[in-house]
1. Would you mind counting up the charge near His111? Only other residues with Cβ under 13 Å from its Cβ, with Lys and Arg at +1 and Asp and Glu at -1.
2. For the chain, find the longest principal axis of its Cα atoms and tell me its angle to the long axis of helix 115-139, 0 to 90°, nearest 10.
3. Could you point to the label whose value was computed as Rg and Dmax of the Cα atoms in Å for the structure here, given (1) 15.8, 52; (2) 16.6, 54; (3) 15.2, 45?
4. Would you list Lys28, Lys49, Lys91 from fewest to most Cβ contacts within 10 Å?
5. Select from Ala145, Ala21, Ala13 the residue whose mean-square fluctuation is largest in a Gaussian network model of the chain (Cα-Cα springs shorter than 10 Å).
6. Relative to the Cα centre, what is the charge dipole magnitude of the range 69-155, using +1 at the beta carbon of each Lys and Arg, -1 at the beta carbon of each Asp and Glu, and rounding to the nearest 20 debye?
7. For an R0 of 25 angstrom, estimate the FRET efficiency from the Cβ-Cβ distance between Ile63 and Ala21 and round to the nearest 0.05.
8. Of the residues Ala95, Ala39, Ala136, which exhibits the maximal mean-square fluctuation in a Gaussian network model of the chain defined by a 10 Å Cα contact cut-off?
Amino acid sequence: MIPYLQKLAQYDAWANQQVCASVASVPKDAPPVARDKVATLLAHLAAAKRVWLNRIAGKAAGIEVWPKLELDAATELLTQADREFVELTLKLDLAELTRPVIYRTSRGQSHATPLVDVVTQVINHSTYHRGQLASAIAAAGGTAAASDYIVWARR
């Protein structure tokens with residue numbers, strides 16, 4: 001299972017970078033509401049991963065899950081979080097996978113979730129929002145990235 005999670009984390013980081021690159025294809029003269037939608041989704045994708053990394057480390061969230069960030073700042077935050085997430089998975093062992101991650105949600109609810117489920121959540125969450133970003137980028141007049149797993153696997 002660990003090699004599979006490591007592979008998925010590497011795919012996730014690659015796919016996120018494909019989306020970050022496609023953000024640049026959004027025309028500068030796109031309607032502000034369309035550009036804002038792209039920025040909002042990218043910032044959330046980045047912040048949510050950062051929040052989960054902080055929770056895994058036993059820290060407070062450290063950032064809002066829906067922050068207002070410029071595209072460059074969101075891209076930088078996501079790139080760093082992706083790097084840390086891949087590094088985290090490369091250090092996993094079986095005992096660590098079952099370790100409970102104890103945290104509070106953004107609504108203040110306490111939870112203890114096995115790390116394997118948190119890792120799975122982070123990857124699935126990214127996939128969900130990359131789909132939204134693809135739609136938002138296309139609606140803003142840009143070119144959505146090909147970020148499907150099979151595209152990465154065929155490289």
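Bear in mind that the values in this text are calculations on the coordinates, not laboratory data. Everything numeric here is computed off the predicted structure, so don't read it as measured data. As a convention, Cβ positions derive from the backbone with ideal geometry for all residues, glycine included, and neighbour counts pool all protein chains shown.
1. Once positives and negatives cancel, what remains is +2.
2. With rounding to tens, the tilt is 0 degrees.
3. Label (1) holds the value from this structure.
4. Lys28, Lys91, Lys49
5. In the Gaussian network model the winner is Ala21.
6. The dipole magnitude comes to about 240 debye.
7. Values: r = 23 Å, r/R0 = 0.93.
Approximately 0.60, to the nearest 0.05.
8. It is Ala95.
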